[in-house]
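Reviewing the structure listed below.
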Amino acid sequence: MAPTARPPGPDAAAGPATEPVTPDPAREVTGTLLTQSWLDLTFLHWAADPADVAPLLPPGTRPDVHDGMTYVGLVAFRMHRVGWFRLPGVPYFGTFPETNVRLYSVDGHGRRGVVFRSLEASRLVPVAMARLGFRLPYVWARMTIDRDGDTRTYTSVRRWPGPRGAHSRISVRIGEPIPEPTALEHFLTARWGLHGDFFGRPMYLPNTHPRWPLHRAELTGCSEDLVAAAGLPRPAGPPVSVLYSPGVPVRFGGPLRPPRPLPPGP
């Protein structure tokens, strides 16, 4: 997964202008569907050929690119106290390790987002609810997060559904805070919505949270086959970006409807 950089294809300019990459929320989220916190996150990213990614995205979206390249993310973290609407978050069923494989997308209205190819989680009830309620590809896994000083180690072994035994083990050493992330680091982390396919209909689920507090991180160990299990080419080398964040509180709004078309001109 180390393609040669190329300019964006002609479809990159089609339709409404793509919204800018912003470290702060791209839009106001008025209602509240879900609340949660994402804690102790490690972001690993590999460059990918947009042609490899495009067939895996929902209808109506295309790969989001930075300098002609798109990216595959492997993100490990601790989900904390998922709650519905404005109710208090759930301490047990709403708190668990998670590791996801994600892609980067733009829809026909110019809205940037992420597309999840898999989401490993250690609680079966939230996995079942997310699969049935939101059609998200959550899977049940045996998972741990170990903290040892400035080192974090995330392990995951898939239970259900298959491929059973798909796994990851990621270890990082946390470095210094990043006072001003690069344009690529903003592109990979500041994503203000989720693209999905909800019972055959396009879905865009917006989110909002404070600006990411990011740290440099050194990858000290990585053994995984979750990227290949998600239908992507196996990474050919080390990730091009390794980041850590202590986390942020997050709020999701309800699915956004497509913007109304402008009235015809005179």
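Each residue in region 217-266 was checked for being within 27 Å of Pro206 (Cβ to Cβ) and either charged (D, E, K, R) or at pLDDT 90 or above (or both), and 19 pass.
Each row is one residue, and each column tells you yes or no for (1) of a type in the set (S, T, N, Q); (2) in contact with a Gly (Cβ under 6 Å, 6 or more places away or on another chain); (3) at pLDDT below 95.
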site	(1), (2), (3)
Leu119	no, no, no
Trp140	no, no, no
Ser156	yes, no, no
Ile170	no, no, no
Pro181	no, no, no
Met203	no, yes, yes
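The sole residue among Tyr154, Tyr244, Tyr204 that is assigned to a strand (DSSP E or B), in contact with a His (Cβ under 7 Å, 6 or more places away or on another chain) and closer than 17 Å to Leu74 by Cβ is Tyr244.
From the list Arg131, Arg135, Arg111, Arg81, the one residue that fits, being surrounded by 21 or more Cβ atoms within 10 Å (Cβ to Cβ) and charged (D, E, K, R), is Arg111. Pull up region 108-146, narrow it to residues that are of a type in the set (D, E, K, R) and more than 17 Å from Leu188 (Cα to Cα), then point me to the one that is nearest to the chain's Cα centre (by Cα). My answer is Glu120. Condition (residue is closer than 26 Å to Arg78 by Cβ and among the hydrophobic types (A, V, I, L, M, F, W, C)) applied to region 50-61: is it met by at least one residue? No.
For region 1-18, the candidate set comprises residues that are part of a loop (DSSP other than H, G, I, E, B) and surrounded by 16 or more Cβ atoms within 10 Å (Cβ to Cβ); within that set, the residue that is modelled with the highest pLDDT is Thr18. Considering each of Pro55, Pro23 in turn, give the residue that is at pLDDT 95 or above, surrounded by fewer than 23 Cβ atoms within 10 Å (Cβ to Cβ) and touching a His at 6+ places or on another chain (Cβ under 7 Å). Every option except Pro23 fails the conditions.
Residues considered: Gly196, Gly162, Gly175. Of these, the only one that is in a loop (DSSP other than H, G, I, E, B) and not acidic (Asp, Glu) is Gly162.
Within the option set His215, His209, being farther than 16 Å from Gly73 by Cβ and in contact with a Lys or Arg (Cβ under 8 Å, 6 or more places away or on another chain) holds for one residue only, His209.
The values are calculated or read from the model by the stated rules, or taken from the named source; none is laboratory data. Just so it is clear, the model here is predicted, and its values are computed rather than measured. Don't worry about glycine lacking a Cβ; one is built from the backbone with ideal geometry, like all the others, and counts go over all protein chains shown.
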